[in-house]
Amino acid sequence: MIAVQKTISFIQDTFNTKEFIPLHEPRFQGNEKKYLNNTIDSTFVSSVGAYVDKFEAMMQEITTTEKAVAVVNGTSGIQVALRLVGVNKGDEVLTQALTFVATANAIAYNAAKPVFIDVDRDTMGLSPKALNDFLDEFGELREDGCYNKKTGNKIAACLPMHTFGFPVRIDEIVKICTNWKIPVVEDAAESLGSEFKGKSTGSFGKVGVFSFNGNKIVTCGGGGAIVSNNIELGEKAKYLTTTAKKPHSYEYYHDELGYNYRMPNLNAALACAQLENLQSFIKNKRELAENYAYFFKDQDIRFRTEMPNTTANYWLMCVELENKKQRDLFLKETNDAGVMTRPIWQLMYKLPIYRDCFKDGQENAEFLEDRIVNIPSSVR
Ligand SMILES: *Cc1c(COP(=O)(O)O)cnc(C)c1O
C-alpha cells in the first residue's frame, strides 16, 4: 500500500494548516500595491505606459534576450510567435501531446495542424529521439524549408514545452530542427526562471513565450511575454500585437491583419512587482522541493526532481505513482482531505478537436498521463 495518509500529514505540516491547501496560489509581498496605485495616479492604465516598458526591459534581462514584448496572455503570445516564424494556413507544427491545451490551440488559431511527437519520460517534454525518428521517416528538405513527404504540407515550426518548469532537451531539439530548417518556438509558459546549461529557457529557440496567468510562478492577473534574440522578429511581434499600425503621430494605417494583444499597463505594474520577487520565489520553491524529495525518498511514490545540467523553477511539483490505479487512489484521498492534487493533462489527441491529428507511438506520454500528479507547490 502507498502511504497516502502519511503524505497528507506531511503536506499539512509543511504548509502549517489543516485547512484546504491549493495547488498553487499567488503571493503579493512586494511593491504590487504601490505600482498599481502609481498607474491609477498616472491615468496610464491601458495599453501603453511606463510599466509596460519596464516589464519588457526586466524580461529581456531575466531571459537574456534582445527583445521582449508584453502581451495579453501566453496563448496569444504563442499564436503570434508561430506566425512570426512563418506558420501559415495548412502548415504542420511539431509539438507534444502531453501539454496544456493552449499549446495546441495556438497552432490551430493559425489554421495550422499540430503533429504530436512523443515526450521523454524523464523531462516530460518533447523527445529529441522521437523528433529525429519522425523527421527521418516523413521529412523532406526543400529550398524553402522542410516538408512532410506523406502529406505534402510544410513543417513550419517545432513547439516544445518545458513541462511544469522542468527544461526539455532544448539544445538537441534546436540542433535537429536547424538541420531540417524548422524554426523552434519555445512554449516557456511554465518555466520562467528555469535554466538549461545555465541559460534561460525561452532563449534557445527563434522565439520563446512566457505566461503570467494567475496560477503561474509569477502572475500579473493575466499576461504573457514574447522574447527573441532577433530584434527584427521582436519588433514585428510588437507591431503585430499592436494592430499592425504603422507608427505615425495621428494617422491610422494598418498594412496587415494585426491583433489587439497588448498587455495593459495595470497588469504590467503587477508583473514588475512580481518579477522583483522571482528569485526569492524560486529559492523558496527549491527548498520546498528539497523537503518533498527527502520525504518521498524511500517511498513507492516518486518525487520528480530536475535533470542534470538544468535548474528547474519548480513551478508545479509532481510525483509519479506506480500505475493508474494507485494514481486514482492518491488523487481521491488527497483531495478528500483538502490537499489539492491534480493529474497531468489528458493527451491532446484524446480531445475531440485534436482527435484526427497525426501522432507517433506516444508510449512515454501515455505512461506519464497515467502516473503523474501535481502536489501543492505554492511559495510558503
Ligand atoms: C499557462 C500555459 C499557457 C497559456 O498561458 P495563458 O497566459 O494562460 O494564456 C500555454 N502553455 C502552457 C504549457 C501553459 O501552462
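With +1 assigned to the C-beta of every Lys and Arg and -1 to the C-beta of every Asp and Glu, and no other charges, what is the dipole magnitude of the chain about the Cα centre in debye, to the nearest 20?
So the dipole magnitude of the chain works out to roughly 420 debye.
When the accessible area of the chain is split by element with a 1.4 Å probe, what percent falls to carbon and sulfur?
Whole-percent figure for carbon plus sulfur exposure: 50.
Kindly state, to the nearest 0.05, the FRET efficiency for residue 42 paired with residue 307, given R0 = 41 Å and r defined as their beta-carbon distance.
Efficiency at R0 = 41 Å is approximately 0.40.
Could you state the number of Å between the C-alpha centres of the range 208-231 and the range 34-93?
Rounded to whole Å, the Cα centres lie 7 Å apart.
Considering the dipole of the chain built from charges on the beta carbon (Lys and Arg +1, Asp and Glu -1) around the Cα centre, which of 357, 321, 264 is farthest to its positive end?
264
Provide the net charge surrounding residue 378, with neighbours chosen by a C-beta distance below 9 Å and charges set as Lys +1, Arg +1, Asp -1, Glu -1.
With Lys, Arg at +1 and Asp, Glu at -1, the neighbours total +2.
Any idea how far apart residue 351 and residue 323 come out in nm if each label point goes 7 Å out from Cα toward Cβ?
3.0 nm
May I ask you to evaluate 6.51 cos²θ - 1.76 cosθ + 1.60, the Karplus curve with θ = phi - 60°, for each residue of the range 258-274 and list the ³J(HN,Hα) values in order in whole Hz, giving x for glycine and proline?
x, 10, 9, 10, 6, 7, x, 4, 4, 5, 5, 4, 5, 4, 4, 4, 5
Based on the alpha-carbon gyration tensor of the range 32-276, what equivalent-ellipsoid semi-axes (square roots of 5 times the eigenvalues) come out, in whole Å, largest first?
31, 21, 14
Decide, for the range 226-318, between rounded, prolate and oblate: order the square roots of the alpha carbon gyration tensor eigenvalues as a ≥ b ≥ c, take rounded if a/c falls under 1.5, and otherwise choose prolate if a/b is larger than b/c, else oblate.
prolate
Need one word for the range 114-236: rounded, prolate or oblate. Basis is the Cα gyration tensor (sqrt eigenvalues a ≥ b ≥ c); a/c below 1.5 gives rounded, then a/b vs b/c decides.
Since a/c reaches 1.5 and a/b is larger than b/c, the shape of the range 114-236 is classed as prolate.
Rolling a 1.4 Å sphere over the protein heavy atoms, what is the accessible area per residue of the range 32-276, to the nearest Å²?
39 Å²
So for the range 1-140, averaging the separation of alpha carbon pairs under 8 Å that are six or more residues apart and normalising by length, what relative contact order in percent results?
Rounded, it is 13 percent for the range 1-140.
Below 11 angstrom from the Cβ of residue 52, what's the summed charge of the other residues (Lys, Arg +1; Asp, Glu -1)?
Within the 11 Å Cβ shell, the charges total +1.
Can you list, bin by bin at 10 Å, the percent of alpha carbon pairs in the range 12-147, starting at 0?
9, 23, 29, 23, 13, 4, 0
Under the rule of -39500 (n - 2.57) per DSSP H run of 4 or more residues, summed and divided by the residues of the chain, what mean residue ellipticity at 222 nm is obtained, to the nearest 500 deg cm²/dmol?
-11000 deg cm²/dmol
Please work out the FRET efficiency for the pair residue 333 and residue 230, using the Cβ-Cβ distance as r and a Förster radius of 45 Å; give the result to the nearest 0.05.
Rounded to the nearest 0.05, the efficiency is 0.35.
Relative contact order, percent, of the range 32-276 when contacts are C-alpha pairs under 8 Å separated by at least 6 residues?
After rounding, I find 28 percent.
The values are calculated or read from the model by the stated rules, or taken from the named source; none is laboratory data. Values in this document were obtained by computation on a predicted structure and should not be read as measured data. Backbone-built Cβ (ideal geometry, glycine too); neighbour counts: all protein chains shown. Ligands, DNA and RNA are excluded from the accessible area calculation, which covers all protein heavy atoms including side chains. Shrake-Rupley method; radii C 1.70, N 1.55, O 1.52, S 1.80 Å.
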